[in-house]
Amino acid sequence: MEGLGLKLELIMQYFQVILPELFLVCLLVILVLVDLVVKEKRGVLITLTFVGVLVELYLVTHQYFDTTQPVSGFFNLILLNSYAAFWKMLLSVSTLVVILIATINKEQKRLAEFLTLILTILIGANLLIMSSNLLMIFLSVEVISIASYIITTFAFNRGSAESGLKYLLFGAAASAVMLYGMSLLYAQTLTLEYPSQQFLDALLEAEPLPLIVSFVLVLAGLFFKIAAFPFHIWAPDIYTSAPTSAVAYFSVVPKLAGFAILTKVVLVFNLFGQGPVNWFTLLSITAMLTLVVGNFSAIWQSNVKRMLAYSSIAHTGFLLAGFAAFSETALQHVLFYASVYLTMNLGAFLLVQYFEVKHNFTKVEDYKGLINTYPFLSIIFLIFMISLAGLPPTGGFTAKYLVFSSIWDSYSTTGNQWLFYLLIFGLVNTVISLFYYLKIPFYMIFRTGADSVVAHKNNLSLENFLGGLLVLAILLIFFKPDWLMGMINSVSFAF
Amino acid sequence: MQDYLLSILIFLPLVAALVITFMPGQYAEHFKKIALGVSVFQTLIAAWAYFKFQDLAGVTDAGTFQFVERASWIDLSLGSLGRLSAEYFIGVDGLSITMVLLSTVILLIAVISAWNIQDRAKGFFSLFLVLNASIIGCFIALDFLLFYLFFEFMLLPMYFLIGLWGGPRREYASIKFFLYTLLGSIFILIVMIALNLSTIDPAKTAVELHLVEAVENVTPAIIVEVQNMLSKGQVLDNQMVHTFNLVSMTDAKNLIPGSILDLGIVKIIFGYPARFVAFLLIFIGFAIKIPVVPVHTWLPDAHVEAPTSISVILAGVLLKVGAYGLLRTGILIFPEGALKYAWLIGLLGVISILYGAMNALASKDLKRLIAYSSVSHMGFVLLGFAAITAEGLGGSIYQMVSHGIISAGLFLIAGVIYDRTHNRMIENYSGLAHVMPKYTVVVVIFFFASLGLPGFSGFIAEIFVLLGAFSSMVISKWLMVLATFGLVLAAGYYLWTIQRMFYGKLHLKGDIDKNVLVDMNIREWIMFIPLIVLAVLLGIFPHFILDLINASVETATSFIFDTGLENLKIIQK
């Protein structure tokens, strides 16, 4: 009996580690119940979810400031450090914004299910970031994926159903590949706990070829989640037909969570430089290809959401490029980039959602002459696009600047030629990306047309407020990057 | 007020732009008055600065810059990389005060030339004011990041001003302009990152090293001590304060040993020392903006499509931003690159002079002709830079001012005729002197000023440049000889244009109604007279400019030459 008591006490301690996630689970149950009981539920559901995630953000922030030492829980299945907590904060903020974006569409069917699925993805993403066990990675990825498959179909039309199925097929294949890689790793190391000493020792003695194969398989699964080349092909189709608020969510939360765990996994796989393969060279090459494929495909798109899908693939390339510089500074800059990325990307999706819901805009041409009816929204759209392209005076510039400077710095210390090519590729791609980022503002401002579009005269609306807030954040990050960077500086990368 | 003189120059137009943006549409007729008021006020401030300005060097000595304002802007901790610091650091020396003066005058003239803009006046004048602020910002920024911010930020208002208020092919022209210039600024960005990673701010590093309590207490001795410690490798990575300060960057002692742009331990990129590559990148970046043949092709398109007032700014000021940037961030920071590639700069300068002139000769569109003459005249600026003599550099700066004034006048001339007939084809006109005598006089004055007639500013500038190129120790005398052919060609295309358009019997083609050809009105005289006065004044009394720039030019020349030679020896060792 005494043993059980001890165990219970231990489990209670562990609960501290996953308190925000537990809270989310409770919120999820409440949402389902409310959906069953309350009649006029739209407002209630949204308020409940929003406030719930706000509380979760508070809890995560608490974790961020309290976690000075890494804390592991549940028999080393998960590990909480300030690095993970920072990513969790980013995800919670994104979720809050996405909930607001979703409310623009007043016709969203099955809102309760929609919100529960959003929360499920958030739970999965949080757990994924904290995973320190291969199995845990797999489970969290599946939690995210299954919820994503369902939410893709929530536009309730033919295209949406089709892409949901596509996503399921692609996703299942990717998961299977990843799981196979993990099983191979287990066979070679006899442990699933990847940051452990046993795992590392076994890796050092293992045969290079099977090791490389199994790593590549695991990375394939993660590349699929973050939509990196060559596992990005699902993204455009899914982004085009899924509901826009869900797409906004896909482009940020699962991507950043996948990226966070990718950084952790690759740092281990690289065996701190003693492994047979320099994985950072592989990452550099992947980053270059992702950048090129994302940008060049985006140029030819006329569908706005499809264009943003490719743009988000290109941004994956930039995140990977920053990570490929491989230093503590580089990781900090990646965190900075991720924070800016979520702000500007969600801003762009907010406006896309607004115009899709209000005026059925799907194509770039639909936006023509919009500056006359929506001057404010057009200007902030322009600012989001400039930021995505990475021009001053926006946070996008600062983020890119920091990423490039960490690549330069790594190049000058290590002399790895690939890093130099990566730098050149990244810079050239910045110019290329301008072709399509300026397309929408170009139609908005340069073309006259669509007099049929009548503005909804309401200056104090949600989209004006939220858009203004996000623009303000982007400008602030440029003019005072010290504040965001100060927070990131206190992140400890120990695990 | 004197303490914030330059800030007022930047922020006044920005505030005015905001005011215009939020003013209701029914006050549309007041927008231009606000823009005019801002420009007049700026010109007065610049004039005041002109009289207050002392003939001090500046260039590489932060102490002798004038009207300096300094405030901390960005201060990031980069962990093991140390700190990154960017400042709101503005000030002028002889090299930039002339540019500020020129900008305020040209911007004022441009507002007057935009007086008749009715279409979307709110957008036009707020973009115009943003452009105004960023141009002036470029000339007074002494922090590379700040300079880059203004440099990039010029693109957007320009893009919209050409693209929304331009001619028939405006969309093509504006996108071409945008992409060319952006490509150039990407090259500059690469070098900026490398410079930032390689340079420390000795004063702030002293604080990090706990040698002093605060930056204000830093003495020259402490700076020397920090630089010594740096060269001996006694400063740890995380104690370094990486800077964007353009003045600190000119001092090779602030370079971090072993960094990418270090002099001592040479890093090789593509088979060349990194510093040479960096210089070439920055040269390409600004060459697009100047523009230099063969990357000049955006300029004729942009000019032909842009509305008159924007052409005036483009030729009068924007091209100078490129030349000034090359001098401030390229030649002064990489003097050894300037020496090593002086032949290339000079050669491209001469090619621009000749090729631009020949294109002008072949142009059928009056505005295109003037645009190509700009390419040709900016070639002289490059040739003067390449000479690395006091005459050459002084001549370059003189040429920038002179070309700013004259080309503004030339584009106004094209605007006058286009406003009346909406046709700029030279072949459609003949014998205009009979119906527009006053206009003809103005055209003749500006054409002669531009082709370098003694008595006009262009003559002084070009003579100085040619003298400098001839006495230069680094470039071949042949370049100077070839450049003089540019003068002959200029006389050719201008005189031929006068002959075709103004001489002979009145004869109009292309459905031009004779009755629209009325002579100049008051507003046009107001634009032309100050420009003519300036062109003549500077042609007769060159000391108005030379007194301002003498000390800076002397210092800069000897710095580029001596330090350049020294650095070349270190690199080639």
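The values are calculated or read from the model by the stated rules, or taken from the named source; none is laboratory data. The shown structure was predicted, so the numbers you read here are calculated from the model rather than taken from an experiment. Counting neighbours? That spans all protein chains shown, and the Cβs are built from the backbone with ideal geometry, glycine included. What goes into the accessible areas is simple: the full protein's heavy atoms, side chains included, and nothing from ligands, DNA or RNA. Shrake-Rupley method; radii C 1.70, N 1.55, O 1.52, S 1.80 Å.
Do we find a residue being of a type in the set (Ser, Thr, Tyr), within 12 Å of chain A (Cβ to nearest Cβ), assigned to a helix (DSSP H, G or I) and within 16 Å of B:Val321 (Cβ to Cβ) anywhere in the stretch B:182-192? Talk me through it step by step, then tell me what you get.
Looking only at the stretch B:182-192, we keep the residues that are of a type in the set (Ser, Thr, Tyr), and these are B:185.
Filter once more, so that each one left must be within 12 Å of chain A (Cβ to nearest Cβ): B:185.
Then drop every residue that is not assigned to a helix (DSSP H, G or I), which leaves B:185.
Among the residues that remain, those that are also within 16 Å of B:Val321 (Cβ to Cβ) are: B:185.
Yes, some residue in the stretch B:182-192 is of a type in the set (Ser, Thr, Tyr), within 12 Å of chain A (Cβ to nearest Cβ), assigned to a helix (DSSP H, G or I) and within 16 Å of B:Val321 (Cβ to Cβ).
Residue check: is A:Tyr249 assigned to a helix (DSSP H, G or I) and more than 23 Å from the chain's Cα centre (by Cα)? Before you say what the answer is, go through the steps one by one.
Details: assigned to a helix (DSSP H, G or I): yes; more than 23 Å from the chain's Cα centre (by Cα): no.
Taking the combined requirement at face value, the residue does not satisfy it.
Quick one: which of B:Ala491, B:Ala535 is within 23 Å of B:Ala362 (Cα to Cα), in a helix (DSSP H, G or I) and not acidic (Asp, Glu)? Talk me through it step by step, then tell me what you get.
On the way: B:Ala535 fails: within 23 Å of B:Ala362 (Cα to Cα).
Step by step, each of B:Ala491, B:Ala535 is checked, and only B:Ala491 is within 23 Å of B:Ala362 (Cα to Cα), in a helix (DSSP H, G or I) and not acidic (Asp, Glu).
Return yes when B:Met158 is farther than 30 Å from B:Ile313 by Cα and either surrounded by 20 or more Cβ atoms within 10 Å (Cβ to Cβ) or within 12 Å of chain A (Cβ to nearest Cβ) (or both) and no when it is not.
So B:Met158 does not fit the description; no.
Have a look at B:Leu129, B:Leu164, B:Leu101 and point out the one that is more than 30 Å from B:Lys204 (Cα to Cα), within 14 Å of chain A (Cβ to nearest Cβ) and among the hydrophobic types (A, V, I, L, M, F, W, C). Let's see the steps before the verdict.
Values: B:Leu129 fails: within 14 Å of chain A (Cβ to nearest Cβ); B:Leu101 fails: within 14 Å of chain A (Cβ to nearest Cβ).
On inspection, the qualifying residue turns out to be B:Leu164.
Any chance the stretch B:199-208 includes a residue that's without any contact (Cβ under 8 Å) to a residue 24 or more places away in the chain, more than 14 Å from chain A (Cβ to nearest Cβ) and open to solvent by less than 10 Å² (accessible area, probe 1.4 Å)?
yes
Would you mention how many residues in the stretch B:209-222 are open to solvent by less than 80 Å² (accessible area, probe 1.4 Å) and more than 35 Å from the chain's Cα centre (by Cα)?
Start the filter on the stretch B:209-222 by keeping residues that are open to solvent by less than 80 Å² (accessible area, probe 1.4 Å), which leaves B:209, B:211-212, B:214-215, B:218-219, B:221-222.
From what is left, the residues that are more than 35 Å from the chain's Cα centre (by Cα) are B:209, B:211-212, B:214, B:221-222.
Total satisfying the criteria: 6.
B:Leu18 fails exactly one of the following numbered conditions: (1) within 14 Å of chain A (Cβ to nearest Cβ); (2) among the hydrophobic types (A, V, I, L, M, F, W, C); (3) surrounded by 24 or more Cβ atoms within 10 Å (Cβ to Cβ). What is the number of that condition?
It fails just one condition, (3).
What is the number of the single condition among (1) of a type in the set (Ser, Thr, Tyr); (2) touching a residue at least 24 places away in the same chain (Cβ under 8 Å); (3) under 26 Å from A:Phe479 (Cβ atoms) that B:Ser72 does not meet?
Going through (1) of a type in the set (Ser, Thr, Tyr); (2) touching a residue at least 24 places away in the same chain (Cβ under 8 Å); (3) under 26 Å from A:Phe479 (Cβ atoms) one by one, B:Ser72 breaks only (2).
Among what's in the stretch B:1-15 and is out of contact with any Ser or Thr (no Cβ under 8 Å at 6 or more places or on another chain) and aliphatic (A, V, I, L, M), pick the residue that is most open to solvent (accessible area, probe 1.4 Å).
B:Met1
Against the conditions (1) modelled with pLDDT of 90 or more; (2) within 12 Å of chain B (Cβ to nearest Cβ), where does A:Ser339 fall short? Just the number, please.
The failed condition is (2).
Yes/no matrix, rows are residues, columns are (1) open to solvent by 10 Å² or more (accessible area, probe 1.4 Å); (2) touching a strand residue (DSSP E or B) at 6+ places or on another chain (Cβ under 6 Å); (3) hydrophobic (A, V, I, L, M, F, W, C):
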residue	(1), (2), (3)
B:Val105	yes, no, yes
B:Ile109	no, no, yes
B:Ile112	yes, no, yes
B:Arg120	yes, no, no
B:Ser126	yes, no, no
B:Phe151	no, no, yes
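Please verify whether the stretch A:422-444 includes one or more residues that are modelled with pLDDT of 85 or more, within 11 Å of another protein chain (Cβ to nearest Cβ) and loosely packed, with under 15 Cβ neighbours inside 10 Å.
Yes, there is a match, as at least one residue in the stretch A:422-444 is modelled with pLDDT of 85 or more, within 11 Å of another protein chain (Cβ to nearest Cβ) and loosely packed, with under 15 Cβ neighbours inside 10 Å.
Mind listing whichever residues of the stretch A:352-408 are in a loop (DSSP other than H, G, I, E, B) and either within 11 Å of chain B (Cβ to nearest Cβ) or hydroxyl-bearing (Ser, Thr, Tyr) (or both)? Write out each step before concluding.
Of the stretch A:352-408, the ones in a loop (DSSP other than H, G, I, E, B) are A:360-362, A:368-369, A:374, A:390-394.
Once the filter is applied, which keeps residues that are in a loop (DSSP other than H, G, I, E, B) and either within 11 Å of chain B (Cβ to nearest Cβ) or hydroxyl-bearing (Ser, Thr, Tyr) (or both), the stretch A:352-408 yields A:Thr362, A:Tyr374, A:Gly390, A:Leu391, A:Pro392, A:Pro393, A:Thr394.
For the stretch B:510-529, indicate whether the set of residues that are within 28 Å of the chain's Cα centre (by Cα), closer than 29 Å to B:Leu332 by Cβ and open to solvent by 60 Å² or more (accessible area, probe 1.4 Å) is non-empty.
Let us first name the residues in the stretch B:510-529 that are within 28 Å of the chain's Cα centre (by Cα), namely B:523-529.
Add one more test, that the residue is closer than 29 Å to B:Leu332 by Cβ, and what stays is none.
The answer is no, given that none of the residues of the stretch B:510-529 is within 28 Å of the chain's Cα centre (by Cα), closer than 29 Å to B:Leu332 by Cβ and open to solvent by 60 Å² or more (accessible area, probe 1.4 Å).
Here is a check on your reading of the model: is A:Gly124 open to solvent by less than 10 Å² (accessible area, probe 1.4 Å) and closer than 28 Å to A:Ser214 by Cα? Spell out how you get there, then give the answer.
Values: open to solvent by less than 10 Å² (accessible area, probe 1.4 Å): yes; closer than 28 Å to A:Ser214 by Cα: yes.
Taking the combined requirement at face value, the residue satisfies it.
Within the stretch B:81-103, is even one residue closer than 30 Å to B:Asp237 by Cα, among the β-branched types (Val, Ile, Thr) and in a strand (DSSP E or B)?
yes
Scanning for something among the polar types (S, T, N, Q) and crowded, with 24+ Cβ neighbours inside 10 Å, does the stretch A:313-336 turn up at least one residue? Spell out the reasoning first.
Filtering the stretch A:313-336 down to residues among the polar types (S, T, N, Q) leaves A:316, A:327, A:329, A:332.
Now narrow it down to the ones that are crowded, with 24+ Cβ neighbours inside 10 Å: A:316, A:332.
Yes, the stretch A:313-336 contains at least one residue that is among the polar types (S, T, N, Q) and crowded, with 24+ Cβ neighbours inside 10 Å.
Out of B:Gly492, B:Gly486, I need the residue that is under 24 Å from B:Ala408 (Cα atoms), small (Gly, Ala, Ser) and surrounded by 18 or more Cβ atoms within 10 Å (Cβ to Cβ). Which one?
Numbers: B:Gly492 fails: surrounded by 18 or more Cβ atoms within 10 Å (Cβ to Cβ).
Among B:Gly492, B:Gly486, only B:Gly486 is under 24 Å from B:Ala408 (Cα atoms), small (Gly, Ala, Ser) and surrounded by 18 or more Cβ atoms within 10 Å (Cβ to Cβ).
Looking for something over 21 Å from B:Ser85 (Cα atoms) and buried (at least 17 other Cβ atoms within 10 Å of the Cβ) - is there at least one such residue anywhere in the stretch A:475-488?
So far as the stretch A:475-488 goes, no, none of its residues is over 21 Å from B:Ser85 (Cα atoms) and buried (at least 17 other Cβ atoms within 10 Å of the Cβ).
Just to check your reading of the model, which residue among A:Ala330, A:Ala325, A:Ala348, A:Ala309 is small (Gly, Ala, Ser), closer than 25 Å to A:Ala473 by Cα and within 14 Å of another protein chain (Cβ to nearest Cβ)? Working first, answer last.
Numbers: A:Ala325 fails: closer than 25 Å to A:Ala473 by Cα; A:Ala348 fails: within 14 Å of another protein chain (Cβ to nearest Cβ); A:Ala309 fails: within 14 Å of another protein chain (Cβ to nearest Cβ).
Of the residues listed, the single one that is small (Gly, Ala, Ser), closer than 25 Å to A:Ala473 by Cα and within 14 Å of another protein chain (Cβ to nearest Cβ) is A:Ala330.
Going through A:Leu90, A:Leu48, A:Leu27 one at a time, which residue ends up being in a helix (DSSP H, G or I) and touching a Gly at 6+ places or on another chain (Cβ under 9 Å)?
On the way: A:Leu90 fails: touching a Gly at 6+ places or on another chain (Cβ under 9 Å); A:Leu48 fails: touching a Gly at 6+ places or on another chain (Cβ under 9 Å).
Sole residue among the options that is in a helix (DSSP H, G or I) and touching a Gly at 6+ places or on another chain (Cβ under 9 Å): A:Leu27.
Would you mention how many residues in the stretch B:2-30 are free of Cβ contacts under 8 Å to residues at least 12 places away in the same chain and among the aromatic types (Phe, Trp, Tyr)?
Result for the stretch B:2-30: 2.
Exactly one of these conditions fails for B:Ala71: (1) closer than 21 Å to B:Thr250 by Cβ; (2) surrounded by fewer than 19 Cβ atoms within 10 Å (Cβ to Cβ); (3) in contact with a Phe, Trp or Tyr (Cβ under 8 Å, 6 or more places away or on another chain). Give me its number.
B:Ala71 satisfies every listed condition except (1).
Being open to solvent by 50 Å² or more (accessible area, probe 1.4 Å), assigned to a loop (DSSP other than H, G, I, E, B) and not charged (D, E, K, R) is the filter here, so list the residues in the stretch B:31-66 that pass it.
Answer for the stretch B:31-66, where residues must be open to solvent by 50 Å² or more (accessible area, probe 1.4 Å), assigned to a loop (DSSP other than H, G, I, E, B) and not charged (D, E, K, R): B:Gln54, B:Leu56.
Hey, can you tell me all the residues within the stretch A:76-116 that are closer than 30 Å to A:Glu193 by Cβ, crowded, with 22+ Cβ neighbours inside 10 Å, under 17 Å from the mean Cα position of the chain (by Cα) and of a type in the set (A, V, I, L, M, F, W, C)?
Scanning the stretch A:76-116 gives A:Ala84, A:Ala85, A:Phe86, A:Trp87, A:Leu90, A:Leu91.
Could you run through the stretch A:173-203 and say how many residues are in a helix (DSSP H, G or I) and either open to solvent by 40 Å² or more (accessible area, probe 1.4 Å) or without any contact (Cβ under 8 Å) to a residue 24 or more places away in the chain (or both)?
Restricting attention to the stretch A:173-203, the residues satisfying the condition of being in a helix (DSSP H, G or I) are A:173-189, A:197-203.
Imposing the further condition that a residue be either open to solvent by 40 Å² or more (accessible area, probe 1.4 Å) or without any contact (Cβ under 8 Å) to a residue 24 or more places away in the chain (or both) reduces the set to A:173, A:176-177, A:179-180, A:183-184, A:186-189, A:197-198, A:201-202.
Summing the residues that are in a helix (DSSP H, G or I) and either open to solvent by 40 Å² or more (accessible area, probe 1.4 Å) or without any contact (Cβ under 8 Å) to a residue 24 or more places away in the chain (or both) in the stretch A:173-203 gives 15.
If I go through the stretch B:116-144 residue by residue, how many of them are of a type outside the set (Phe, Trp, Tyr) and either assigned to a strand (DSSP E or B) or closer than 25 Å to B:Ala49 by Cα (or both)? Quick ask: steps written out before the conclusion?
Within the stretch B:116-144, the first condition is being of a type outside the set (Phe, Trp, Tyr), and the residues that meet it are B:116-123, B:126-127, B:129-138, B:140-143.
Narrowing further to those that are either assigned to a strand (DSSP E or B) or closer than 25 Å to B:Ala49 by Cα (or both): B:129-138, B:140-143.
Result for the stretch B:116-144: 14.
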